[in-house]
Every structure is written in structure tokens, then in C-alpha cells.
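The values are calculated or read from the model by the stated rules, or taken from the named source; none is laboratory data. Since the structure is predicted, the reported quantities are computational estimates derived from the model, not experimental observations. Note that we place each Cβ from the backbone using ideal geometry, even for glycine, and neighbour counts take in every protein chain shown. We work out accessible area using only protein heavy atoms, side chains counted, and drop any ligands, DNA or RNA first. Shrake-Rupley method; radii C 1.70, N 1.55, O 1.52, S 1.80 Å.
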Amino acid sequence: MNVGTGPRRAQQPPLPEPTAWHEVSLTVNGEPVAAQVESRLLLSDLLRQRLGLTGTHVGCEHGVCGACTVLMDGVPVRSCLTLAVQAAGADVRTVEGLAGDGEPLGPVQRAFHEQHGMQCGFCTPGFVMTCTALTGRAERPDEETVADELSGHLCRCTGYQNIRAAVRQALDESFGPQEAE
Ligand code: FES
Ligand code: FES
């Protein structure tokens, strides 16, 4: 035991490497964006904190709830699992890109509105972006594909029936009414 030599010194963990910064360019909702980002910065944080696009919601922060879904080159991705540097050069679309301020709702947003496909609305931007990707396909996705895509989203309020009705309406508008199987 050390007596009179001051406090015991705790072991020093290895210091982290200095943070690397990257200059990235991407397109967000059609607008060119340039940003200097840390290697570890998440796309969700770039969108929400650096660009003020808070329509993208963050729930679980580990890829389970789907609330943070945005489109990257037309493909739904979980922005809480995507690094900002991975979006370099990409065309990113968020829910804000579906209709500008004062503009009428886009067709998917309108379908969710008309079918009451939301209650608190926390999960809604994620569902809307995945549904937007479904309506943008070359052909109408079959029921199994739709169910599979929607299974990546959690909703604590609606019981999903109205969400499914909204997705069906949006698909009907894009591809015409579904033929009976
Ligand atoms: S916040 Fe990204 S999946 Fe839940
Ligand atoms: S509407 Fe509340 S979580 Fe889905």
C-alpha cells in the first residue's frame, strides 16, 4: 500500500486514433450537399443534425424498427446503420423530398392520409419511404414481396391493417388495381 504518495493511478487505456474527417458530396432530395464528416457519423445524424431534416425518425438506433428508413439511389436503407461516408456520391431521398412546403402530398403520403395509416406518426416516414420504393418498381410487387418489405418496420399504434390498406392504395394508383389471384 502506498502511503503519502498520492492517489493510485488508474491504468490508462490506449488512446483512440485521431478521428478521421472526410469531405463527402451527395444529393439530398435533389439538392447537392457537401459536408465534412467524421468517419463514424451516421447518415441519420447527418440528415437530422447537420441538415435539419428531422422528418427521418430515429427509434431503436440499431436497425430493428425501420423508422429511420430513407432511399439511397432508390433503395430503402436504414440510415441508423449507414455511415454518412457510405452515402458519398449517392442520391438520398427523405420524406421531406416527397412534397415541398405548401405542395400537395405525394401519392404515397396521400394514401397514408386517406387510409388513416398512422396514429402517432413516429413510424410513418419509414413506412412511407419503403412504400415509395415499392411504387417505383418497374412492375407491381406481389403480396409476398410487399409483406416482406413491410416486415422491416415496426408500428406500436396502428395494428398494421390501415398501413397495409395505404400501401395497397398507393400500389393501385401506380400500377392499376390488383388482379384477383
Ligand atoms: S432507428 Fe434505424 S432501424 Fe430503428
Ligand atoms: S403510428 Fe405510432 S408507431 Fe406507428
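A few remarks follow.
- Value of [θ]222 nm, deg cm²/dmol, for the chain, DSSP H segments ≥ 4, -39500 (n - 2.57) each, nearest 500: -7000 deg cm²/dmol
- Stokes-Einstein D (µm²/s) once Rh is taken as the Kirkwood radius of the chain over alpha-carbon pairs, at 20 °C in 1.002 mPa s: 118
- Rounded percent of accessible protein surface that carbon and sulfur make up, the chain, 1.4 Å probe: 49
- When Arg40, Arg50 are compared by accessible area of protein heavy atoms, the largest-first order is Arg40, Arg50, using a 1.4 Å probe.
- Beta bridge orientation in the stretch 21-174: antiparallel %, DSSP, nearest 5: 90
- About the centre of its Cα atoms, the stretch 21-174 shows a dipole size close to 360 debye [charges on the beta carbon of Lys, Arg (+1) and Asp, Glu (-1) only; nearest 20 debye].
- Counting only alpha carbon atoms, the long axis of helix 161-175 and the longest principal axis of the chain meet at about 60°.
- Stretching Leu81 away from Cys120 to a fully extended chain increases their span by 11.7 nm, per 0.36 nm per residue minus the current alpha-carbon distance.
- The mean sequence distance of close C-alpha pairs (under 8 Å, at least 6 residues apart), as a share of the length of the stretch 21-174, puts its relative contact order at 25 percent.
- Full-stretch length increase - Ala34, Glu173 - with 0.36 nm per residue and alpha-carbon distance subtracted: 46.5 nm
- Value of relative contact order over the stretch 103-175, rounded to a whole percent, pairs C-alpha under 8 Å and six or more apart: 53
- Distance (nanometres) between label positions extended 7 Å along Cα→Cβ at Gln161 and Glu61: 3.6
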